[in-house]
Amino acid sequence: MKIIKQAAFVLGLFTTAALSAQNANMKNMLKIGVNGGFAVPNENASAAAGIDLSYQNLSIPGLGLGIASGYTHYFGRDNDGIENNDFGVIPVAALVRFYPKQTGFYFGTDLGYGIITGNDKVAENHAADRPNGGFYINPEIGYHNQNWNFGVHYQRTFTGSKGEIGNQKFAAGNIGANISYNIPLGQ
């Protein structure tokens, strides 16, 4: 039932966006997207998939500033007898994007804090505690038009030496691709 409510909410947002007039004068955007990638380094996770949600203000031509969040799920992998658990990252970040032209190439990054969620232990068969979070960075480059952004990214939450098991370091990072839809909020 919860998934149905979430799907109805997202569908409502897309419908609202489709019915609203979009033009080059729109200065406030809500961006809803999905991402996926391969975990790097891949000692404790194999892949990642998630959703992105951000607000962006375009008051300065060619410069988008805002806030970014979402959720990325990391799929744990077995590593030489270590049965790593799945975990998630919820970023709380500032967003900066540079748009040289109204459509075409763009680049930017999100900087902030990544909250790590999931099982309290890194692995099923070890006592190492999972880190709670760390410095978050998400640089990306891609193509944009008025409605869509298509990009490639490197997401990483730096946790220092927390969560290490023997030679296995805990890593919450991935290289992947993302797509997001722009919902104009007005001027």
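Values computed for the structure shown
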quantity	calculated
Residue check for Ser161: out of contact with any Asp or Glu (no Cβ under 9 Å at 6 or more places or on another chain) and hydroxyl-bearing (Ser, Thr, Tyr)	yes
So Gly64, is it within 16 Å of the chain's Cα centre (by Cα) and part of a strand (DSSP E or B)	no
Some residue of the range 141-163 being under 21 Å from Ala39 (Cβ atoms) and out of contact with any strand residue (DSSP E or B) (no Cβ under 9 Å at 6 or more places or on another chain)	yes
Failed criterion for Gln102 (all others in (1) touching a residue at least 60 places away in the same chain (Cβ under 8 Å); (2) surrounded by fewer than 20 Cβ atoms within 10 Å (Cβ to Cβ); (3) in contact with a Gly (Cβ under 7 Å, 6 or more places away or on another chain) hold)	(3)
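One line per residue, one yes/no per condition, for (1) of a type outside the set (Val, Ile, Thr); (2) modelled with pLDDT of 95 or more; (3) under 23 Å from Lys169 (Cβ atoms):
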| site | (1), (2), (3) |
| --- | --- |
| Gly81 | yes, no, yes |
| Pro91 | yes, yes, yes |
| Leu95 | yes, yes, no |
| Gly112 | yes, yes, yes |
| Pro139 | yes, yes, yes |
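So that you can scan it fast, the table gives a plain yes or no per residue for (1) within 17 Å of Leu53 (Cβ to Cβ); (2) surrounded by 14 or more Cβ atoms within 10 Å (Cβ to Cβ); (3) under 15 Å from the mean Cα position of the chain (by Cα); (4) not small (Gly, Ala, Ser):
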position	(1), (2), (3), (4)
Ala93	yes, yes, yes, no
Val96	yes, yes, yes, yes
Phe158	no, yes, yes, yes
Glu164	no, yes, no, yes
Gly173	no, yes, yes, no
Gly186	no, no, no, no
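The values are calculated or read from the model by the stated rules, or taken from the named source; none is laboratory data. Note that this is a predicted model, so its numbers are computed, not measured. Neighbour counts are summed over all protein chains in view; Cβ atoms, including those assigned to glycine, are modelled from backbone coordinates with ideal geometry.
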